[in-house]
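Q: I'd like to ask some things about the structure below.
The values are calculated or read from the model by the stated rules, or taken from the named source; none is laboratory data. Because the structure is predicted, anything quoted here is derived from the model rather than measured. A quick note on method: Cβ atoms are made from the backbone with ideal geometry, for glycine too, and the neighbour counts reach across all protein chains shown. These area figures cover heavy atoms from the full protein model, side chains too; ligands, DNA and RNA do not enter into them. Shrake-Rupley method; radii C 1.70, N 1.55, O 1.52, S 1.80 Å.
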Amino acid sequence: MKIGVNVPNFGPGTDPGALRSWAQTVEGLGYDLLMVSDHVAITPDVAAQYPAPFYEPFTTLSWLAGVTHRVRLGTTVLVVPYRHPLLVARMAANLDQLSGGGRLVLGAGIGWAKQEFDALGVPFEERGKLTTEYLRAIRAAWAEHDDYRAGPIPLWLGGHSDAGLRRAIALGDAWHPLRLTLSGLREGLGRLKKLAGDEPVPAFAPRVLLRLTDTPVTGPDRRAGEGTLDQVLDDLTQLRAMGADTVVLDPFDGDPAETLHPEAAWRDLAAIAASWKEKL
């Protein structure tokens, strides 16, 4: 099982130097994948959770490809309806080629920020339909046109609804749920397999919280990746047993001020990296 890290590409402590340090820390600790998030118009609903500056993911990953060597690069998740599908297909293909080939993972979803959809002139109520349509166009561009040929670029699809699971089955290389409890992940996997029927089931690549605590976190609402080092290592062991191909650790716990002090997240990532290697 590979392990990646979701790096904050937003917030008051984020600038080119911080992003470089994040990338080199993640790669230096031996993690397999570095991912960033996506927003285009930082409308009030977005800014409340992810304040400016917010660095655009394709631009950011292109730059980070030049300051790293081995670590794979990805989006968690690109909001598909925000951009023309041929633009996404070309940017993704070019990024994969320019970074050395085989380094890009395109995580994608339908989005949630209604004010941002309005600012971009994209109908919020049609975002699921548009996502499916655009993903088909992206895959077709990669497969049929030399100008867009790349990869293969893994396409990880988020979403926990039945519609999202069906989209992952039809168009995804992996199902990429975000920040759920272990029980929620098990329930989602069960529905995924049931909805797939005789169709192939996509790989399982969840993104989970990383929040290390001195004392155990208990209760049914405990999210995967939250608790003592032993608890988090046990979560990773359980996710591997559930069939996870990759787990992405997300050290951002909701307070933008965290971006001013990344050293705390780096210590947690170092502890996980060292202890997980011992378990292998």
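Q: Could you look through segment 214-251, keep only residues that are among the small types (Gly, Ala, Ser) and open to solvent by less than 20 Å² (accessible area, probe 1.4 Å), and pick out the one that is farthest from the chain's Cα centre (by Cα)?
A: From segment 214-251, those among the small types (Gly, Ala, Ser) are 219, 224-225, 227, 241, 243-244; that's our starting set.
Next, only the ones that are open to solvent by less than 20 Å² (accessible area, probe 1.4 Å) stay: 224-225, 227, 244.
Values: 224: 15, 225: 15, 227: 21, 244: 14 Å.
The residue in question is 227.
Q: Hey, another quick one. What is the one condition in (1) open to solvent by 30 Å² or more (accessible area, probe 1.4 Å); (2) of a type in the set (Ser, Thr, Tyr); (3) in contact with a strand residue (DSSP E or B) (Cβ under 8 Å, 6 or more places away or on another chain); (4) over 18 Å from residue 178 (Cα atoms) that residue 50 does not satisfy?
A: (4)
Q: Moving on. Which residues, taken from segment 1-52, are among the basic types (Lys, Arg) and either within 21 Å of residue 225 (Cβ to Cβ) or in a loop (DSSP other than H, G, I, E, B) (or both)? Step through it out loud before you land on a result.
A: First pass over segment 1-52, keeping only residues among the basic types (Lys, Arg): 2, 20.
Matches in segment 1-52: 2 only.
Q: While we're looking at this one, here's another question. Could you tell me whether any residue of segment 69-80 is in contact (Cβ under 8 Å) with a residue 40 or more places away in the chain, farther than 18 Å from residue 4 by Cα and surrounded by fewer than 19 Cβ atoms within 10 Å (Cβ to Cβ)?
A: As a first pass, look at segment 69-80 and keep what is in contact (Cβ under 8 Å) with a residue 40 or more places away in the chain: 69-80.
Of the ones still in play, those that are also farther than 18 Å from residue 4 by Cα are 79-80.
Going one step further and asking which of them are surrounded by fewer than 19 Cβ atoms within 10 Å (Cβ to Cβ), we end up with none.
So far as segment 69-80 goes, no, none of its residues is in contact (Cβ under 8 Å) with a residue 40 or more places away in the chain, farther than 18 Å from residue 4 by Cα and surrounded by fewer than 19 Cβ atoms within 10 Å (Cβ to Cβ).
Q: Can you name the residue in segment 187-206 that is assigned to a loop (DSSP other than H, G, I, E, B), open to solvent by 50 Å² or more (accessible area, probe 1.4 Å) and not charged (D, E, K, R) and, of all such residues, is nearest to residue 109 (Cα to Cα)?
A: Within segment 187-206, the first condition is being assigned to a loop (DSSP other than H, G, I, E, B), and the residues that meet it are 197-202, 205-206.
Then keep just the ones that are open to solvent by 50 Å² or more (accessible area, probe 1.4 Å); that gives 197-201.
Restricting the remaining residues to those that are not charged (D, E, K, R) gives 197, 200-201.
Working: 197: 23, 200: 20, 201: 18 Å.
Per the criteria, the residue is 201.
Q: Give the residue that is surrounded by the fewest Cβ atoms within 10 Å (Cβ to Cβ), with candidates limited to residues of segment 157-181 that are among the charged types (D, E, K, R) and more than 13 Å from the chain's Cα centre (by Cα).
A: Here is the first cut: in segment 157-181, the residues among the charged types (D, E, K, R) are 162, 166-167, 173, 179.
Restricting the remaining residues to those that are more than 13 Å from the chain's Cα centre (by Cα) gives 162, 166-167, 173.
Numbers: 162: 12, 166: 18, 167: 23, 173: 18.
The selected residue is 162.
Q: Here is a further query. Here are some conditions: (1) crowded, with 20+ Cβ neighbours inside 10 Å; (2) touching a His at 6+ places or on another chain (Cβ under 8 Å); (3) small (Gly, Ala, Ser). Residue 184 meets all but one. Which one does it not meet?
A: (1)
Q: Is it true that residue 209 is under 19 Å from the mean Cα position of the chain (by Cα), within 17 Å of residue 35 (Cβ to Cβ) and touching a residue at least 60 places away in the same chain (Cβ under 8 Å)?
A: no
Q: Mind checking whether some residue in segment 171-183 is closer than 28 Å to residue 229 by Cα, in contact with a Phe, Trp or Tyr (Cβ under 7 Å, 6 or more places away or on another chain) and assigned to a helix (DSSP H, G or I)? Before you say what the answer is, go through the steps one by one.
A: Narrowing segment 171-183 to residues closer than 28 Å to residue 229 by Cα: 174-183.
Narrowing further to those that are in contact with a Phe, Trp or Tyr (Cβ under 7 Å, 6 or more places away or on another chain): 174-176.
Okay, now just the ones that are also assigned to a helix (DSSP H, G or I), so none.
Within segment 171-183, none of the residues are closer than 28 Å to residue 229 by Cα, in contact with a Phe, Trp or Tyr (Cβ under 7 Å, 6 or more places away or on another chain) and assigned to a helix (DSSP H, G or I).
Q: Restricting the search to segment 23-41, which residues are more than 22 Å from residue 1 (Cβ to Cβ) and out of contact with any helix residue (DSSP H, G or I) (no Cβ under 8 Å at 6 or more places or on another chain)?
A: 24
Q: Go over the candidates 34, 61, 19, 29 one by one and state the one that is at pLDDT 95 or above, open to solvent by less than 10 Å² (accessible area, probe 1.4 Å) and more than 15 Å from residue 252 (Cα to Cα). Break it down stepwise before answering.
A: Details: 34 fails: more than 15 Å from residue 252 (Cα to Cα); 19 fails: more than 15 Å from residue 252 (Cα to Cα); 29 fails: open to solvent by less than 10 Å² (accessible area, probe 1.4 Å).
Just one listed residue meets the conditions, 61.
Q: Please go through segment 146-162 and give me each residue that is part of a strand (DSSP E or B) and either touching a helix residue (DSSP H, G or I) at 6+ places or on another chain (Cβ under 6 Å) or over 12 Å from residue 77 (Cβ atoms) (or both), ordered by number.
A: So the first thing to find is which residues in segment 146-162 are part of a strand (DSSP E or B), and the list is 155-157.
Within segment 146-162, just 157 meets the criteria.
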